[in-house]
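Here is the structure we will look at, set down as structure tokens.
The values are calculated or read from the model by the stated rules, or taken from the named source; none is laboratory data. Here the structure is a predicted model, which means the values were calculated and not measured. Reconstructed Cβ throughout: ideal geometry from the backbone, glycine too, with neighbour counts over all protein chains shown.
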């Protein structure tokens, strides 16, 4: 194949792994070199931030908001989460193997 990819080759799906220190999420695929830095996000995350971090749909995020273990913060009807609590929650989900993040 002379080092070229076939036109039918599709990139491998991107999966994220939360690092033990919870300071960043690193893509598992070797060709992805960027890291999502926890510090790049505001202290309070909204649904758009969570969609970006987890790579899930808006409806999935709103399902997470209904989960009693999710550290939801509501201010005047707006649903948010403190950044640090979100990453701790995410780490706990992965360690417990509960599969809450689909």
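How many of the residues making up segment 71-102 are modelled with pLDDT under 95, in a loop (DSSP other than H, G, I, E, B) and surrounded by 14 or more Cβ atoms within 10 Å (Cβ to Cβ)?
So the answer is 2.
Test residue 87 against the criterion of being in contact with a helix residue (DSSP H, G or I) (Cβ under 7 Å, 6 or more places away or on another chain) and over 14 Å from residue 44 (Cβ atoms), and give yes or no.
Judged against the criteria, residue 87 is not a match.
In segment 64-91, how many are on the phi > 0 side of the Ramachandran plot and in contact (Cβ under 8 Å) with a residue 12 or more places away in the chain?
Residues in segment 64-91 being on the phi > 0 side of the Ramachandran plot and in contact (Cβ under 8 Å) with a residue 12 or more places away in the chain: 0 in total.
Name the single residue, out of those in segment 15-61 being over 14 Å from the mean Cα position of the chain (by Cα) and surrounded by 12 or more Cβ atoms within 10 Å (Cβ to Cβ), that is modelled with the highest pLDDT.
Checked segment 15-61; the qualifying residue modelled with the highest pLDDT is 44.
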